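*Asks:* Have a look at the structure that comes next, please.
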Amino acid sequence: MTEPRKFLTIGGIDRREFLAIGGGVFSAAFLAACDSSGPKSAEKLLRYAERKNLGVERALFRHTAIDKVQAGAHDAGNKLPSYFVSPTVPVWDETARGKWALEVSGLVGKPMRLSLDDLQRLPRVSNRVNHYCVEGWTAVETWTGVPFTELAKLVGALPDAHYVDFQSFDDDYHESWDIESAMHPQTVVAYGLDGKMLEPAHGAPARVYSPIKLGYKNTKYLTKIVFLPKMNGGYWSDRGYEWYGGV
Amino acid sequence: MAKKRHHWIVRVTHWVNVVAIIIMVGSGLQIFNAYPAFARKGELFCCYPFEHKPVPAWLTFGGWLAGARNWHFAMMWVLVVNGLIYLAFVYLHGEWRDLVPRKGDIRDSWQMLKFYTFRRKDHPHQGKHNALQKATYFTLPFAGLLAVLTGIAIWKPVQLSWLTALFGGYVWARYWHFIAMVVIVVLSVVHVFMVFAVDPYSLPSMITGNYDEKLSPEARNARPFYHLFPRRARPTPPPEAT
């Protein structure tokens, strides 16, 4: 009644062939997965996807989208991690480099050098906002500083300044932004954290801070803000992290 | 006689899904390992027992955080487009009728469990899928939808803050994203186990599309690893395939 072959052949493939093919496919998939970062040929496709995502993200971006801290959320306080790329905490050495000043230049009408006192005399805001780290954690902190829009107004940013580069004295750390993100109402050049002057652990004397960008886009230990016609990459952006890094 | 069981669109989207889900889960776990916890800094999180314990590296894909993020944000489009093609096809072509829950499904699921645990001798009668399969294949698209929506919520917590708020804020949206992944992984692992243990003929059928009903688990009265058990006389002869 039953022919044993029937149980062995399916769709013209016999059991051994089937196991061989299936085994091959599975080990190939397994090997691909174990070669941790995936096939090199995929690099191009991944970069293509990043460019397309950049378009989607910039199209989604609105100045009216404001970060709000959830009711009941606790401040991170001293639980806010400290990150820098130098071997030790970067501290501005006045005896070697003179008094710290922030240079604002590039495509602007009036390039300027602003001391910390100058910055503190400019219009000031304090924003209690989320910090979105690329690693997946968030932290609530209050950042005090000059709204970036005020700074742009002060130096007279030119219409063809489509990008801004935030540069630092933390080795060669810098990150460039699209001008729309820089002009977001919650983007500040911050010199205060949680009601105190910024400490070297978190980017003293001043850093850029905005809840609309991932942490690594918010350059600490600022030295220069340069308005640019083209994007200028960044420390982590040049090392594989997406350039846009907006949330 | 082998009959057509899976339309080519179902077969192609199934295998694209296999690749997309493996890469999404692997890269997602690599991203998770950068901060293998849910708590906001300075807080504790109630509902995850393994806070700050990374998942084993062999489960991860992408090499490092940036690599994994690049894979995750590229593959997400494949997953979404593939899922939409599948759902549109299942809706337009009528296959959804084999998957939607119907009266009696709970009773039938119970009977399947009884059969699998040797408390019932003969395989319950079924259509294309048994009741447990139906429940699985019906649940998976919803788990996928949850994964996609929570994924968008933690990708754009400021620009799309209304969506993030819908899931209880960033921390909770990230948690639901993780839970959706766990549901998808558990159902997929059980699915693959049952394919090999109960219905190995369904594997070639997902490649060629053909399936011989005479070899179905119902016709063979198959429990997991049925072929490893000693053979006994069958209580009732299998119904003839028509």
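*Asks:* Residues B:Ile31, B:Ile23: which one is of a type outside the set (Ser, Thr, Tyr), in contact with a Lys or Arg (Cβ under 7 Å, 6 or more places away or on another chain), part of a helix (DSSP H, G or I) and within 19 Å of B:Gly151 (Cβ to Cβ)?
*Replies:* Step by step, each of B:Ile31, B:Ile23 is checked, and only B:Ile31 is of a type outside the set (Ser, Thr, Tyr), in contact with a Lys or Arg (Cβ under 7 Å, 6 or more places away or on another chain), part of a helix (DSSP H, G or I) and within 19 Å of B:Gly151 (Cβ to Cβ).
*Asks:* Just to be sure before I move on: is A:Thr138 without any contact (Cβ under 8 Å) to a residue 12 or more places away in the chain and either buried (at least 22 other Cβ atoms within 10 Å of the Cβ) or touching a strand residue (DSSP E or B) at 6+ places or on another chain (Cβ under 6 Å) (or both) in the structure I sent?
*Replies:* Yes.
*Asks:* Hey, among the residues in region A:56-67 that are at the interface with chain B (Cβ under 7 Å from one of its Cβ atoms) and among the charged types (D, E, K, R), which one's farthest from B:Ala74 (Cα to Cα)?
*Replies:* This residue is A:Asp67.
*Asks:* Could you please find all residues in region A:72-115 being of a type outside the set (Asp, Glu), free of Cβ contacts under 8 Å to residues at least 12 places away in the same chain, more than 14 Å from chain B (Cβ to nearest Cβ) and part of a loop (DSSP other than H, G, I, E, B)?
*Replies:* Answer for region A:72-115, where residues must be of a type outside the set (Asp, Glu), free of Cβ contacts under 8 Å to residues at least 12 places away in the same chain, more than 14 Å from chain B (Cβ to nearest Cβ) and part of a loop (DSSP other than H, G, I, E, B): A:Pro87, A:Thr88, A:Gly98.
*Asks:* Might you check whether a residue that is farther than 26 Å from B:Ile9 by Cβ and more than 14 Å from chain A (Cβ to nearest Cβ) occurs anywhere in region B:198-207?
*Replies:* no
*Asks:* As an exercise: evaluate B:Phe38 against (1) within 18 Å of the chain's Cα centre (by Cα); (2) of a type in the set (Phe, Trp, Tyr); (3) part of a loop (DSSP other than H, G, I, E, B) and give the number of the one condition it does not meet.
*Replies:* Every listed condition holds for B:Phe38 apart from (1).
Per-residue answers, yes or no, for (1) of a type in the set (Phe, Trp, Tyr); (2) part of a helix (DSSP H, G or I):
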position: B:Trp96; (1), (2): yes, yes
position: B:Phe118; (1), (2): yes, no
position: B:Thr136; (1), (2): no, yes
position: B:Thr150; (1), (2): no, yes
position: B:Trp162; (1), (2): yes, yes
position: B:Ala173; (1), (2): no, yes
position: B:Val182; (1), (2): no, yes
position: B:Met194; (1), (2): no, yes
position: B:Ile207; (1), (2): no, yes
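*Asks:* While we're on this one: Can you work out which of the residues in region B:74-92 that are within 14 Å of chain A (Cβ to nearest Cβ) and either surrounded by fewer than 20 Cβ atoms within 10 Å (Cβ to Cβ) or at pLDDT below 95 (or both) is farthest from B:Val10 (Cα to Cα)?
*Replies:* Of everything passing the filter in region B:74-92, B:Trp77 is farthest from B:Val10 (Cα to Cα).
*Asks:* Determine, yes or no, whether B:Pro141 is within 9 Å of chain A (Cβ to nearest Cβ) and either assigned to a helix (DSSP H, G or I) or out of contact with any Gly (no Cβ under 6 Å at 6 or more places or on another chain) (or both).
*Replies:* no
*Asks:* Follow-up question, since we're still on this one. Given the residues A:Val56, A:Val69, which is the only one that is modelled with pLDDT of 95 or more and either assigned to a helix (DSSP H, G or I) or loosely packed, with under 12 Cβ neighbours inside 10 Å (or both)?
*Replies:* Of the residues listed, the single one that is modelled with pLDDT of 95 or more and either assigned to a helix (DSSP H, G or I) or loosely packed, with under 12 Cβ neighbours inside 10 Å (or both) is A:Val56.
*Asks:* Kindly indicate whether any position in region B:46-54 is in contact with a helix residue (DSSP H, G or I) (Cβ under 6 Å, 6 or more places away or on another chain) and touching a residue at least 24 places away in the same chain (Cβ under 8 Å).
*Replies:* No: zero hits.
*Asks:* Report yes if B:Asn70 is free of Cβ contacts under 8 Å to residues at least 24 places away in the same chain, surrounded by 20 or more Cβ atoms within 10 Å (Cβ to Cβ) and of a type in the set (S, T, N, Q), otherwise no.
*Replies:* For B:Asn70, the condition - free of Cβ contacts under 8 Å to residues at least 24 places away in the same chain, surrounded by 20 or more Cβ atoms within 10 Å (Cβ to Cβ) and of a type in the set (S, T, N, Q) - is met.
The values are calculated or read from the model by the stated rules, or taken from the named source; none is laboratory data. Just so we're clear, the structure is a prediction, and the values are computed from it rather than from any experiment. Ideal geometry is used to build each Cβ from the backbone, glycine not excepted, and the neighbour counts take in all protein chains shown.
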